[in-house]
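J.: One structure, pasted below without further comment.
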Amino acid sequence: MDPYRNPFAPGAGSRPPELAGRDVVLEHAKVSCGRAVNGRSARSMMLLGLRGTGKTVLLNEVGKIAEDAGLLVSKVESPEDESLARLLYPEMRKVMRSLSTVEAAKQIANRGLKGLRGFASIFKIDIAGVEVGVEPEPGLADSGDLQYDLPDLFNVIGRAAKAAGKGWILLIDEVQYLAESDLRALIVAVHRMSQEGLPIILVGAGLPQVARLAGEAKSYAERLFLYPEVSALDPAAATLAVQKPIVDEGAAIGKTALNEIVVRTKGYPFFIQEWASTAWNLAEGPEITLDDVVRSYSETLALLDAGFFRVRIDRLTRSEVLFVKAMSELGDGPYAMSDIAKAMERTQSSLGPTRANIIAKGMIYSTDHGYLDFTVPLFAEFMRR
Ligand SMILES: Nc1ncnc2c1ncn2[C@@H]1O[C@H](COP(=O)(O)OP(=O)(O)O)[C@@H](O)[C@H]1O
Ligand SMILES: [Mg+2]
């Protein structure tokens, strides 16, 4: 059918035509944002799930909800090896500048901008002359320890936002790449804001190991955040995700065809978008048939193999690839470390560094029971192909 009218949106962070099965999370976000602008304590969230389940898309949607509710919105993505101070500095500056234009918040925000000046110099953030004329405020956010300085700055932003009748939502994607000390500082800052009833909300998104990292970072993190699991869609949601966009375009999909996609994708959003998109392009129409769906399966896999799966493995070294290969040859996960070591004819301790590196790259994670598994759904099958 007409590729120009293809509604599907394969690709990282692409907004799907139908954001199916996420109503509970969106409702939480609405309530939190509404409470924040009304000066009430609001729950922060960590959206946790495997790759390609729709965390980034959901985070963006939460951003829209927040904007509609009247909050100032900042969104950052944590790269590997970047400090949180550097990542947040420009966002905090933007928010303070914006609040400094509101009469009621001006004084607090201006003091915050001064604090930020000292913060930038102690954390060696290159501000390239943008802040000429602003003198630092000694004693505000300039200890050099993020655990003290970040809550200081959040406090200023929170008070200024409250005075302005606004709030601030900070969206952080790929939270698993934050250093543990940075994550701890972030949690401390959010905790302080919630204790002081200031309108700042953090919504993070990341791989499942974040729950444990956050727990280790600060024991109260467990109560501080809601942890909605962003997993594969259930059959009803997956059905909606495929069918509704097709019907909205004035086309149709047969019942068995629809079922084939729902079952074989196991409800994984990245797979659904790719397959539905390929099937649409290949079909004569106006109804997508089971034959269209079956015929487009191999092309879908080829696209995923060359894109979604490939980019993950490209980041591994040779010895890391061997480790991952050994895992996949054991069948589907989770995998015991002892089995992997045995398959590789190595000792567990000699594999420790490799294991740690692959975890740091976000390719595998250690599950609740001390086993390892892939962060990419259906990855073992890809390796075997
Ligand atoms: N609720 C949903 N329903 C249908 N498709 C979705 C949904 N959420 C995400 N997608 C699709 O899944 C793919 C991966 O989404 P993304 O947000 O990049 O995942 P993640 O950030 O978890 O890796 C995108 O093509 C997106 O359009
Ligand atoms: Mg993402």
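J.: Of all helices (runs of 4 or more DSSP H) completely enclosed by region 249-322, which ones contain at least 3 residues that are modelled with pLDDT of 95 or more and not aliphatic (A, V, I, L, M)?
T.: 255-264, 269-282, 290-295, 297-304
J.: Tell me, please, whether a residue that is within 16 Å of ligand 2 (Cβ to nearest atom), open to solvent by 10 Å² or more (accessible area, probe 1.4 Å) and modelled with pLDDT of 95 or more can be found in region 198-206.
T.: no
J.: Among the residues of region 315-332, is any within 13 Å of ligand 1 (Cβ to nearest atom) and either surrounded by fewer than 21 Cβ atoms within 10 Å (Cβ to Cβ) or not aliphatic (A, V, I, L, M) (or both)?
T.: No, that holds for no residue.
J.: So, Gly112, is that one under 20 Å from Ala161 (Cα atoms), open to solvent by less than 20 Å² (accessible area, probe 1.4 Å), assigned to a helix (DSSP H, G or I) and within 16 Å of ligand 1 (Cβ to nearest atom) or not?
T.: No: the conditions fail for Gly112.
J.: Condition (residue is among the acidic types (Asp, Glu) and surrounded by fewer than 18 Cβ atoms within 10 Å (Cβ to Cβ)) applied to region 299-306: is it met by at least one residue?
T.: Within region 299-306, one or more residues are among the acidic types (Asp, Glu) and surrounded by fewer than 18 Cβ atoms within 10 Å (Cβ to Cβ).
J.: Mind checking whether some residue in region 133-146 is assigned to a helix (DSSP H, G or I), open to solvent by less than 10 Å² (accessible area, probe 1.4 Å) and in contact (Cβ under 8 Å) with a residue 12 or more places away in the chain?
T.: Checked region 133-146: no residue is assigned to a helix (DSSP H, G or I), open to solvent by less than 10 Å² (accessible area, probe 1.4 Å) and in contact (Cβ under 8 Å) with a residue 12 or more places away in the chain.
J.: Now for a separate question. Looking at region 51-69, is at least one residue within 29 Å of Ala238 (Cβ to Cβ), more than 16 Å from ligand 1 (Cβ to nearest atom) and crowded, with 23+ Cβ neighbours inside 10 Å?
T.: Yes - at least one qualifying residue is present in region 51-69.
J.: Among the numbered conditions (1) within 16 Å of ligand 2 (Cβ to nearest atom); (2) in the same structural domain as Thr265 (by TED's automatic domain parsing), tell me where Lys244 comes up short.
T.: Here Lys244 clears every test but (1).
J.: Something else about it: Restricting to region 222-236, name every residue that is within 15 Å of the chain's Cα centre (by Cα) and open to solvent by 80 Å² or more (accessible area, probe 1.4 Å).
T.: Glu229
J.: Right, something else. For Ala29, state whether it is in a helix (DSSP H, G or I), more than 21 Å from Ile172 (Cβ to Cβ) and either away from ligand 1 (no atom under 16 Å from the Cβ) or at pLDDT 95 or above (or both).
T.: The answer is no for Ala29.
The values are calculated or read from the model by the stated rules, or taken from the named source; none is laboratory data. Everything numeric in this text was worked out from a predicted model, so none of it was measured. FYI the Cβ positions are ideal-geometry reconstructions off the backbone, even for glycines, and counts take in every protein chain you see. Surface accessibility is based on the protein's heavy atoms, side chains included, excluding ligands, DNA and RNA. Shrake-Rupley method; radii C 1.70, N 1.55, O 1.52, S 1.80 Å.
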